[in-house]
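The values are calculated or read from the model by the stated rules, or taken from the named source; none is laboratory data. Not measured: the values here are computed from a predicted model. When we count neighbours, we look across all protein chains shown, and the Cβ atoms used for this are built from the backbone with ideal geometry, even at glycine. The protein model used for the area step is the full one, side chains on, heavy atoms only, and it has no ligands, DNA or RNA in it. Shrake-Rupley method; radii C 1.70, N 1.55, O 1.52, S 1.80 Å.
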Amino acid sequence: MTPPVSSVSAVLSRADLLAALQLQYDWGVDEALCEMPVDRLAEATPQLPPRVSAERQDFAQRLPEAFSGGDAVRRIPAKAGSASVSGLSARAVEEAPDLPTLMRLTEAPGDLFLARTATHRLEPVFVEGAPFMLIGEAPDADEDRSGTLFAGEGGALLEKMLRSAGLERGGISMAPALPWRPPGGRTPSDAEMQACLPLLLRTIALCQPGFLVTMGVTPLKMLVGPDAAVGRMRGRWTNVSVPGLATPLPLLPMRHPLQLRASAAARRNAWQDLLILMEKLSPEE
């Protein structure tokens, strides 16, 4: 006989209740429902959010000018009103003199939903003299729990890939495309990617890598454009302009390590891309 609803909690074990709570957390639930009905008609009329400041609009309008260059250089898109990741102006982020200052300026962004729902924030790893910078996807569950870039199975696969190219993880600069995991691990929205783009660009400019390697579609879309696709662009270099750097940076798109489990073709493509990377790293004769 099925127990009544009121006695379900007595039937479920403590482990079951914790598992149900964890499931709701993974789905992005951030508010409990009250048992009493709410009279929505009696609530105050919601206020519209403040308009975008003139300073942010000015920054968004100046972005296209910063990316002027030859036709072979990819121009990073920008949308008005989405150039800030915190309550501070995008100009303050753009002019941060070093990584610690940049991290402090974006420590508590009150106007970005992702920062309020994620468990940990992923911070870039700068290695002096690193040959390139590796840019990962939006954080997955392992990265969100640990606060470490490329944690869990993805990190183990990445280390195997790097070792096959004669590289060690500790000798590579790394940065996340988005510092915060979207609720439930969903795909980041265009607005969220645009909001985090200035932070990523300034991180690259401060680390001054020789070139970039993106792993996954999110960093590629942020740096190249919304229509970029790993399957179409992998296997060749693309130049991207970064504000604060005098010359465009070569960018090699690659699949994320976790995608290697998908098929033999994905693993074959990854090996081909690693050969291209090793050719770039080898000294010219």
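Numbers at a glance
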item	result
Single residue of the range 197-207 satisfying the filter (touching a Gly at 6+ places or on another chain (Cβ under 9 Å) and surrounded by fewer than 21 Cβ atoms within 10 Å (Cβ to Cβ)) that is nearest to P250 (Cα to Cα)	A205
Those residues of the range 3-24 which are part of a helix (DSSP H, G or I) and either of a type in the set (K, R) or at pLDDT 75 or above (or both), in sequence order	R14, A15, D16, L17, L18, A19, A20, L21, Q22, L23, Q24
Of residues in the range 150-191 being open to solvent by 30 Å² or more (accessible area, probe 1.4 Å), among the polar types (S, T, N, Q) and not in a helix (DSSP H, G or I), the one farthest from M222 (Cα to Cα)	T187
Among (1) assigned to a loop (DSSP other than H, G, I, E, B); (2) crowded, with 17+ Cβ neighbours inside 10 Å - the single one G210 does not satisfy	(2)
Test: residue in the range 253-267 that is hydrophobic (A, V, I, L, M, F, W, C) and closer than 18 Å to G166 by Cα	yes
Residue match in the range 218-236 (condition: open to solvent by 40 Å² or more (accessible area, probe 1.4 Å), under 29 Å from Q22 (Cα atoms) and of a type outside the set (F, W, Y))	no
Selection status of S263, free of Cβ contacts under 8 Å to residues at least 24 places away in the same chain and among the hydroxyl-bearing types (S, T, Y)	yes
Residue satisfying all of: in the range 80-100; in a helix (DSSP H, G or I) and at pLDDT 90 or above; most open to solvent (accessible area, probe 1.4 Å) among these	P100
Candidate set: the range 134-155, residues that are touching a residue at least 24 places away in the same chain (Cβ under 8 Å) and of a type in the set (A, V, I, L, M, F, W, C); chosen: the one farthest from A270 (Cα to Cα)	A141
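Let's see how each residue does on (1) part of a strand (DSSP E or B); (2) in contact with a Leu (Cβ under 6 Å, 6 or more places away or on another chain); (3) of a type in the set (D, E, K, R):
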| position | (1), (2), (3) |
| --- | --- |
| P219 | no, no, no |
| M222 | no, yes, no |
| R232 | no, no, yes |
| L251 | yes, yes, no |
